[in-house]
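Working notes, beginning with the structure itself.
The values are calculated or read from the model by the stated rules, or taken from the named source; none is laboratory data. Note that the structure is a prediction, hence the values are computed from the model and not measured. A quick note on method: Cβ atoms are made from the backbone with ideal geometry, for glycine too, and the neighbour counts reach across all protein chains shown.
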Amino acid sequence: MQVLKKIAEIVSEVELFIQYGVQASEQQIGLELLQRYRNDALALQLMRAFYTSLPETHEEAIGRIAMIRQKEGIFLLGVTTARHNYLYLATDQQALLLGEYGQEVLDPELLVFFGYTDSDDFLGKCPVLASCEEYEPASAPGSRLCPVCLVATGEYHLLGCPVEVCPWCDGQLSRCGCRFEQLGVEELTDEDKLEELERLLEEKGRVPYIREHRPSYLSEPNE
Ligand SMILES: [Zn+2]
Ligand SMILES: [Zn+2]
């Protein structure tokens, strides 16, 4: 519930910024995009970052969010306005402007994290943002992403994600008692125990995310 309240707060915040910061002729565009992503924490973080902290906003609205790459719940996204393109790094907790698209110098470690060898490789693979697919909310029925922690099909969940299946009992890992049993403790409070749990999970073989694990209220929207 707390999460939903937070999302509603970000929506109204972004709405205000669009009304006061964006030129009148572009407000509708910005509000439409906000409407489209109004339940998606990651896109909302991105919009908030854009409208609040862009060094020079040009009073423009975001017209499109492009999906460039994602790994382990971290997204590399393109933001397009009427006259500019920007590159952002985003999670459902925060978003960071990396620079104007195609002009920024990217951290080599960041590029390697996302599977690029270097800057040229990166730009060669996605030279024009319009050719990248549009970012799709993880809650959309066709999404390849875990709706909670946003990892992709085949990846391991972020530890603690309620969608992760327990490899010991096939139940819900965040709900069943296996983690306490395996660690021989009554509750999980410290960092060391969490690390040990991660190690035990890997030893046993963690269950990667597949679409069939989506909570049914998300996979069957019309039933
Ligand atoms: Zn997950
Ligand atoms: Zn279990």
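Structure summary
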{"item": "Selection status of residue 135, more than 16 Å from ligand 1 (Cβ to nearest atom), over 22 Å from residue 209 (Cα atoms), at pLDDT 90 or above and buried (at least 16 other Cβ atoms within 10 Å of the Cβ)", "result": "no"}
{"item": "Boolean, residue 82 is of a type in the set (Gly, Ala, Ser) and buried (at least 22 other Cβ atoms within 10 Å of the Cβ)", "result": "no"}
{"item": "Test: residue in the range 97-110 that is part of a strand (DSSP E or B), in contact (Cβ under 8 Å) with a residue 24 or more places away in the chain, touching a helix residue (DSSP H, G or I) at 6+ places or on another chain (Cβ under 8 Å) and surrounded by 15 or more Cβ atoms within 10 Å (Cβ to Cβ)", "result": "yes"}
{"item": "Selection count where residues are touching a Ser or Thr at 6+ places or on another chain (Cβ under 7 Å), among the charged types (D, E, K, R) and not in a loop (DSSP other than H, G, I, E, B), scope the range 125-178", "result": "0"}
{"item": "Of the criteria (1) modelled with pLDDT of 90 or more; (2) more than 16 Å from ligand 2 (Cβ to nearest atom); (3) not hydroxyl-bearing (Ser, Thr, Tyr), which one residue 173 fails", "result": "(2)"}
{"item": "Test: residue 90 is within 19 Å of residue 152 (Cβ to Cβ) and either surrounded by fewer than 17 Cβ atoms within 10 Å (Cβ to Cβ) or among the aliphatic types (A, V, I, L, M) (or both)", "result": "yes"}
{"item": "Condition check for residue 148: over 16 Å from residue 66 (Cβ atoms), surrounded by 12 or more Cβ atoms within 10 Å (Cβ to Cβ) and not assigned by TED's automatic domain parsing to the domain that holds residue 216", "result": "yes"}
{"item": "Residue within the range 156-170 that is over 27 Å from residue 204 (Cβ atoms) and either in contact with a helix residue (DSSP H, G or I) (Cβ under 7 Å, 6 or more places away or on another chain) or touching a residue at least 24 places away in the same chain (Cβ under 8 Å) (or both) present", "result": "no"}
{"item": "Residues (touching a Leu at 6+ places or on another chain (Cβ under 8 Å) and modelled with pLDDT of 95 or more) located in the range 11-33", "result": "11, 14, 15"}
{"item": "Residue in the range 61-75 that is outside the structural domain of residue 216 (by TED's automatic domain parsing), farther than 20 Å from residue 49 by Cβ, among the β-branched types (Val, Ile, Thr) and assigned to a loop (DSSP other than H, G, I, E, B) present", "result": "no"}
{"item": "Failed criterion for residue 204 (all others in (1) surrounded by fewer than 14 Cβ atoms within 10 Å (Cβ to Cβ); (2) free of Cβ contacts under 8 Å to residues at least 24 places away in the same chain; (3) at negative phi hold)", "result": "(2)"}
